[in-house]
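Worksheet: the structure to be examined is printed underneath.
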Amino acid sequence: MVDKVRHVLGISGGKDSAALAVYMRDKVPEMEYFFTDTGAELPEVYEYLDRLEGELNKPIVRLGLERDFGHLLLQHNGFLPSPSTRWCTREMKIRPFEKWVGTDNAITYVAIRADEDRDGYKSSSPNITPRFPFKEDGIVRADIDRILQHIGWPKYYEWRSRSGCYFCFFQRKSEWIALAERHPELFERAKAFEKSDTGSGKGYTWSQGETLEELIARAADVRQQAAFSGRRIRRKIGWQELFGALEDESDESCLVCSL
Ligand code: SF4
C-alpha cells in the first residue's frame, strides 16, 4: 500500500501566506490549511482568517498551544524571547505544527516569493518536505495584490508591517506606539510581561534598550523619527517601494511567523 502524502499550507496571518493559499486553491484541491494560534494574535488576524476561509471555501484548521505564553515564559525562567533567543517560534509555531503532522508524510507549501533572498523554515522531521511555489513560478511582491484582489490585505497593515504576536520583538518602535493606540489592552499585557530585575538593575524588555513604559513616554520623538526615516526612504526610492523597504528592514524576522 502506498502511503498517502498530505499537502499542508500554513497561514501566518500575513499577506504572502494568504496569497499562496489563494494561489494554490485550485492547483491542489486536497490542501489542508492551518493556522498556529499562539493566543497572542491581533484581532485583525482572526477577522482576516474568517474572510480567507470564505475565499478558499474551506476551513482553516486552528492549531492551539498546550500551554499559553505565560506558562512558557515561566518555563524559560522569565526570559522574554528575543531575536537571539527565539524560543517562542520553536514552542508556539514549530512544535504544534510538527505535532499536528505527526509521522505522516507531508509536503508543506511555503510562501517565500521569487524576489526574496531567504530560505525559510525547513523542518528537521524527515517526513516533512517543503515546497516553494512562488519561487518555482517567479511570483514577486507586485503579484501579491493581484492574487488578493478579492479579499485585500489584513487590516493591521495600516499600522504594522508584519504579522505575528502582538508582543513580537521584531516590531519597530513606532509600531509599539501604534499598538498602544489601536489595542491599548494588548499593549498593557505586553508591558506586564516585562520583568525588572531589581538586583542587577537590568530588566528584560521587548524593545531594545528601554521598557515599553519608557518608550511610550517618548512617543512624540519616536513618531518624528519614523516620519523622518520614511521621508528619507521616499526621497531615494519613491512611494511604491516604501512598503517593501520597510518590510525588508527587518529581514531577520521570524521566518515561520511572518510568511
Ligand atoms: S511572531 Fe514574533 S514573538 Fe511571535 S513567535 Fe514569531 S518571533 Fe516569536
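Go through Val110, Val101 for me and flag whichever is touching a helix residue (DSSP H, G or I) at 6+ places or on another chain (Cβ under 9 Å), in the same structural domain as Ala21 (by TED's automatic domain parsing) and open to solvent by less than 30 Å² (accessible area, probe 1.4 Å). If you could, list the steps in order and put the result at the bottom.
On the way: Val101 fails: touching a helix residue (DSSP H, G or I) at 6+ places or on another chain (Cβ under 9 Å).
Going through Val110, Val101 in turn, just one is touching a helix residue (DSSP H, G or I) at 6+ places or on another chain (Cβ under 9 Å), in the same structural domain as Ala21 (by TED's automatic domain parsing) and open to solvent by less than 30 Å² (accessible area, probe 1.4 Å): Val110.
Residues that are open to solvent by 10 Å² or more (accessible area, probe 1.4 Å) and within 16 Å of the ligand (Cβ to nearest atom) within the stretch 37-58 comprise Asp37, Gly39, Glu41, Pro43, Glu44, Tyr46, listed in sequence order.
Residues in the stretch 147-176 that are among the charged types (D, E, K, R), more than 16 Å from the ligand (Cβ to nearest atom) and open to solvent by less than 20 Å² (accessible area, probe 1.4 Å): there are none. Looking only at residues in the stretch 73-85 that are within 15 Å of the ligand (Cβ to nearest atom) and either surrounded by 18 or more Cβ atoms within 10 Å (Cβ to Cβ) or of a type in the set (Gly, Ala, Ser) (or both), the one that is nearest to Gln208 (Cα to Cα) is Ser82. Of the helices (runs of 4 or more DSSP H) entirely within the stretch 105-218, those holding at least 3 residues that are free of Cβ contacts under 8 Å to residues at least 12 places away in the same chain occupy 141-147, 184-193.
Looking only at residues in the stretch 183-200 that are in contact with a helix residue (DSSP H, G or I) (Cβ under 8 Å, 6 or more places away or on another chain), modelled with pLDDT of 95 or more and away from the ligand (no atom under 13 Å from the Cβ), the one that is nearest to Ser82 (Cα to Cα) is Phe187.
In the stretch 84-97, the count of residues that are touching a strand residue (DSSP E or B) at 6+ places or on another chain (Cβ under 9 Å) and not in a helix (DSSP H, G or I) is zero.
Out of (1) at pLDDT below 85; (2) open to solvent by 90 Å² or more (accessible area, probe 1.4 Å), what's the single condition that is false for Gly203? Of everything listed in (1) at pLDDT below 85; (2) open to solvent by 90 Å² or more (accessible area, probe 1.4 Å), Gly203 misses just condition (2).
The values are calculated or read from the model by the stated rules, or taken from the named source; none is laboratory data. Predicted model only: the values in this text are computed from it and were never measured. We place every Cβ from the backbone using ideal geometry, glycine too, and count neighbours over all the protein chains shown. Accessible surface areas use protein heavy atoms only, side chains included; no ligands, DNA or RNA. Shrake-Rupley method; radii C 1.70, N 1.55, O 1.52, S 1.80 Å.
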